[in-house]
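K.L.:
Mind looking over this structure? Questions follow.
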Amino acid sequence: MLLGQTRAELERYKPALTKKSDFESFWSETLSTYVAERPEPALIKIDSAITEIEIYDVTIPGFNGDLIKGWFLTPKNLLGDRPVVVVFEGYGGGRGNFNEWLFWANCGYPTLVMDTRGQGGGHRRGDTPDGLYPRGSSSAGFMTMGIDSKEDYYFRRVFSDAVAFVRAAKSLPHVDPTRIITTGGSQGGGIALAAASLAPEVFATMPDVPFLCHIHRAIELTDSYPYQEIVNYCRIHRTDSDQALETLTYFDCMNLVTLAKAHALISIGMHDPICPPDTIFAMRNHYAGPVDTQVWEFNMHEGGASDQNLLQAQWLQALLAKEEK
């Protein structure tokens with residue numbers, strides 16, 4: 001089922017931004033206070049049956065110095081420094097097993113995978129706790145955790161962790177620090193966009209059917225989870241809903257990407273009930289950098305799946321070749 005507006009309407013759809021006057025200062029102060037300028041990654045080499053890729057268990061200090069787990073995979077026998085792909089995970093998932101992240105390394109790119117703090121009880125396990133932060137009353141899941149305050153909101157920590165991973169990637173072995181690429185699907189796509197918006201080091205971003213875009217429109221348009229967590233919260237906290245919705249404006253990628261300068265390839269599934277096309281087009285039409293779009297006309301939240309992976313690899317290869325001329 002098609003959701004929302006027609007394709008022709010969506011190509012022009014550019015709703016008013018919802019960001020507040022202190023939006024940029026909030027993020028500037030958050031990063032300067034809680035994220036190290038040069039986070040130092042700790043690497044432990046993993047012995048495995050995989051013979052052509054070096055694999056490391058990685059730990060990087062994220063928001064407030066919290067130690068965030070991840071994986072670092074790099075092809076063996078690289079002749080020089082290479083672009084690095086920083087990967088973020090979908091909602092409910094953690095870093096899982098290292099053998100689940102071989103695609104970009106097999107394309108010749110060192111790959112850094114971030115474990116999403118507190119998640120990992122869904123489709124892929126995680127190894128990073130969130131820590132003892134104020135949360136208040138919330139609905140099940142992560143979308144309303146700390147939502148009564150932008151300072152305490154869960155995704156403030158997650159987006160800060162993502163910036164820390166981008167900064168740390170510059171010091172990893174075999175990495176070209178001028179060619180950092182962020183990517184991920186769904187929640188991972190939203191985090192990839194946030195990292196590209198908040199970390200000027202990002203050269204390119206490839207968010208796949210990204211979540212956390214035009215959030216106010218999403219909760220009007222779909223009853224699907226995780227957005228439904230916000231509706232559930234506001235239904236119970238009916239007198240606090242205005243504050244909750246204001247908090248979300250600081251973490252809405254539609255607002256964040258007005259700061260982005262990285263090259264972007266954004267994918268959209270036109271039948272997607274989880275991240276409706278309205279929400280992604282709204283973000284794309286506010287994106288401040290150069291942007292390409294891949295629309296999957298008949299797909300839901302899977303988007304282009306493995307076809308999108310191949311398209312991303314071709315797009316990135318062409319972009320890097322163009323930049324080298």
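The values are calculated or read from the model by the stated rules, or taken from the named source; none is laboratory data. This structure is a prediction, so every number in the text was calculated from the model and none was measured. Ideal geometry is used to build each Cβ from the backbone, glycine not excepted, and the neighbour counts take in all protein chains shown.
K.L.:
Hey, can you tell me all the residues within the range 114-139 that are in contact with a Phe, Trp or Tyr (Cβ under 9 Å, 6 or more places away or on another chain) and within 16 Å of TRP71 (Cα to Cα)?
P.N.:
Those that are in contact with a Phe, Trp or Tyr (Cβ under 9 Å, 6 or more places away or on another chain) and within 16 Å of TRP71 (Cα to Cα): MET114, ASP115, THR116, ARG117, GLN119.
K.L.:
Of the numbered conditions (1) more than 29 Å from GLN294 (Cβ to Cβ); (2) in contact with a Lys or Arg (Cβ under 8 Å, 6 or more places away or on another chain); (3) surrounded by fewer than 21 Cβ atoms within 10 Å (Cβ to Cβ); (4) modelled with pLDDT of 95 or more, THR128 satisfies every one except a single condition; which is it?
P.N.:
Unmet for THR128, out of (1) more than 29 Å from GLN294 (Cβ to Cβ); (2) in contact with a Lys or Arg (Cβ under 8 Å, 6 or more places away or on another chain); (3) surrounded by fewer than 21 Cβ atoms within 10 Å (Cβ to Cβ); (4) modelled with pLDDT of 95 or more: (3).
K.L.:
Still on this structure, I have one more. Only one residue in GLY141, GLY184 is of a type in the set (Gly, Ala, Ser), touching an Asp or Glu at 6+ places or on another chain (Cβ under 7 Å), in contact (Cβ under 8 Å) with a residue 24 or more places away in the chain and not in a loop (DSSP other than H, G, I, E, B), so which one is that?
P.N.:
Of the residues listed, the single one that is of a type in the set (Gly, Ala, Ser), touching an Asp or Glu at 6+ places or on another chain (Cβ under 7 Å), in contact (Cβ under 8 Å) with a residue 24 or more places away in the chain and not in a loop (DSSP other than H, G, I, E, B) is GLY184.
K.L.:
How about the range 40-115: which strands (runs of 3 or more DSSP E) wholly inside it have at least 1 residues that are within 20 Å of the chain's Cα centre (by Cα)?
P.N.:
On the way: elements: 42-46, 53-61, 67-75, 82-88, 111-114.
It comes to 53-61, 67-75, 82-88, 111-114.
K.L.:
Within the range 270-281, can one find any residue that is of a type in the set (A, V, I, L, M, F, W, C) and more than 19 Å from the chain's Cα centre (by Cα)?
P.N.:
yes
K.L.:
Residue by residue through the range 237-269, note down the ones that are of a type in the set (A, V, I, L, M, F, W, C) and farther than 19 Å from HIS216 by Cα.
P.N.:
As a first pass, look at the range 237-269 and keep what is of a type in the set (A, V, I, L, M, F, W, C): 244-245, 248, 251, 253-254, 256-257, 259-260, 262, 264-266, 268.
Listed by number, the residues that qualify are LEU259, ALA260, ALA262, ALA264, LEU265, ILE266.
K.L.:
Between a first residue in the range 52-80 that is under 30 Å from TYR153 (Cα atoms) and surrounded by fewer than 18 Cβ atoms within 10 Å (Cβ to Cβ) and a second residue that is among the β-branched types (Val, Ile, Thr) and at pLDDT 95 or above, which pairs have beta carbons less than 7 Å apart while being 6 or more apart in sequence or on different chains?
P.N.:
ASP57/ILE44; ASP57/ILE46; LEU67/THR59
K.L.:
Follow-up question, since we're still on this one. Looking at (1) surrounded by fewer than 20 Cβ atoms within 10 Å (Cβ to Cβ); (2) under 24 Å from PHE26 (Cα atoms), which is the only condition ASP252 fails?
P.N.:
Here ASP252 meets the rest and fails (1).
K.L.:
So for the range 145-153 (the condition being modelled with pLDDT under 95 and loosely packed, with under 15 Cβ neighbours inside 10 Å), does at least one residue qualify?
P.N.:
no
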